[in-house]
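Asks: Take a look at the following structure, please.
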Amino acid sequence: MGTGFFIVQEGQQAVITQFGKYKSTVGAGFNWRLPYPIERHELVFVTQIRSADVGRDTVIKSTGLRESAMLTEDENIVEIKFAVQYRLSDARAWLFESKNPSDAVVQAAETAVREVVGKMRMDTALAEERDQIAPRVRTLMQTILDRYKVGVEVVGINLQQGGVRPPEQVQSSFDDVLKAGQERERAKNEAQAYANDVIPRAVGSASRLNEEAAAYRARIVAQAQGDAQRFASILAEYQKAPQVTRDRMYLDTMQQIYGNVTKVLVESRQGSNLLYLPLDKIMQGVASGSGALDAPAPAGSPSVASPATPAPTFSNDPRARDTSRTRESR
């Protein structure tokens, strides 16, 4: 009777059989069963992470391809290598539901990965959806193992380095395709960065132009309204006194015109027979911004000179004045 006592370590389960038939499963601790040959027990590690490699480099003679070769949806071939990590979830099922549970795990993994890859195109399997292969295989593989009651829980699918690759015969061409795809992505990123830099500035410039246009429109409208009001007020005054208003407008206009030019006043009623205009002094006065001289000039010198008009010589002789006037008219 003492031979029926046994100890189950932590992380293990003991499957007790009676005359070779399953009776019960016990966990960690001190346990007892009927002595052999009536009952016996078998210890199974249920928390230990186990691993199985899928996709070997062995060449199949009938096809000339490796075992890792798989067919895609677009009838291309890719090679996939990965490792399956799993642990036991049911010790009884592991021992009694499958003749060789380790091989069942490998076969379920191969079935799942071939189904997943068979529904993908080669380009997506190698690049775009490569990261989705592992979770899809894990989900499908767990469904298959639960259906056959193997008593296994799939922990993870780890793609090996270069786990998804094209056959060696087209490896160089595929590398060129990958480089082209990377260049395309880099160009797209650069274009997006350029757009992110240009578009905000363009939006800012457009907003500034809109504001300037609005300000210009407001200024022009206000100026036009002011001119219209001024014209209306002048029209009312003109209707009351046309001649006075016309003379005042003439004087105002002439004042604006002559206020911005240099004037020359020549006094010809002097006792001297000859008047000399010192143009060099007049030009110096104009250049220094001295402005117009309004006081009458003494004999022989002008009060104000114009740089744009040549300075003639004057005398009290009427014939000289007539000659000068004749030359000026010509």
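Residues checked against (1) farther than 29 Å from G20 by Cα; (2) more than 44 Å from the chain's Cα centre (by Cα); (3) polar (S, T, N, Q):
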{"site": "V54", "(1), (2), (3)": "yes, no, no"}
{"site": "T58", "(1), (2), (3)": "yes, yes, yes"}
{"site": "E67", "(1), (2), (3)": "yes, yes, no"}
{"site": "N76", "(1), (2), (3)": "yes, no, yes"}
{"site": "I80", "(1), (2), (3)": "yes, no, no"}
{"site": "V84", "(1), (2), (3)": "yes, no, no"}
{"site": "P101", "(1), (2), (3)": "no, yes, no"}
{"site": "E115", "(1), (2), (3)": "yes, no, no"}
{"site": "E128", "(1), (2), (3)": "yes, no, no"}
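Asks: Right, here's the next one. Could you please find all residues in the range 77-122 being farther than 21 Å from T58 by Cα and basic (K, R)?
Replies: Correct list: R87, R92, K99, K119, R121.
Okay, residues lined up against (1) modelled with pLDDT of 75 or more; (2) crowded, with 16+ Cβ neighbours inside 10 Å; (3) closer than 24 Å to D131 by Cβ:
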site: V54; (1), (2), (3): yes, yes, yes
site: D57; (1), (2), (3): no, no, yes
site: I60; (1), (2), (3): no, no, no
site: G64; (1), (2), (3): no, no, no
site: S68; (1), (2), (3): yes, yes, yes
site: E79; (1), (2), (3): yes, yes, yes
site: L88; (1), (2), (3): yes, yes, no
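Asks: Going by what's in this entry, would V84 be described as crowded, with 18+ Cβ neighbours inside 10 Å and outside any strand (DSSP E or B)?
Replies: Here the answer is no, as V84 does not meet what is asked.
Asks: I would also like to ask the following. Taking the condition surrounded by fewer than 13 Cβ atoms within 10 Å (Cβ to Cβ) and outside the structural domain of F19 (by TED's automatic domain parsing), does D103 pass?
Replies: yes
Asks: On to the next question. Condition first: basic (K, R) and surrounded by 10 or more Cβ atoms within 10 Å (Cβ to Cβ). Now tell me which residues in the range 165-211 satisfy that.
Replies: Within the range 165-211, R165, K179, R184, R186, K188, R208 qualify.
Asks: Spot the failing condition for A193; the list is (1) of a type in the set (G, A, S); (2) within 29 Å of V78 (Cα to Cα); (3) outside any strand (DSSP E or B), and only one is missed.
Replies: Tallying (1) of a type in the set (G, A, S); (2) within 29 Å of V78 (Cα to Cα); (3) outside any strand (DSSP E or B), A193 fails exactly one: (2).
Asks: For the structure I just gave you, tell me whether R136 is modelled with pLDDT under 90 and closer than 30 Å to G181 by Cα.
Replies: Considered against the rule, which asks whether it is modelled with pLDDT under 90 and closer than 30 Å to G181 by Cα, R136 comes out as no.
Asks: In this structure, is A28 of a type in the set (A, V, I, L, M), modelled with pLDDT of 80 or more and surrounded by fewer than 18 Cβ atoms within 10 Å (Cβ to Cβ)?
Replies: Against the criterion (of a type in the set (A, V, I, L, M), modelled with pLDDT of 80 or more and surrounded by fewer than 18 Cβ atoms within 10 Å (Cβ to Cβ)), A28 does not qualify.
Asks: Go through the residues of the range 106-114 one by one and say whether even a single one is of a type outside the set (K, R) and either touching a Phe, Trp or Tyr at 6+ places or on another chain (Cβ under 6 Å) or within 18 Å of F45 (Cβ to Cβ) (or both).
Replies: no
The values are calculated or read from the model by the stated rules, or taken from the named source; none is laboratory data. Here the structure is a predicted model, which means the values were calculated and not measured. So basically every Cβ, Gly included, is an ideal-geometry build from the backbone, and we count neighbours across all protein chains shown.
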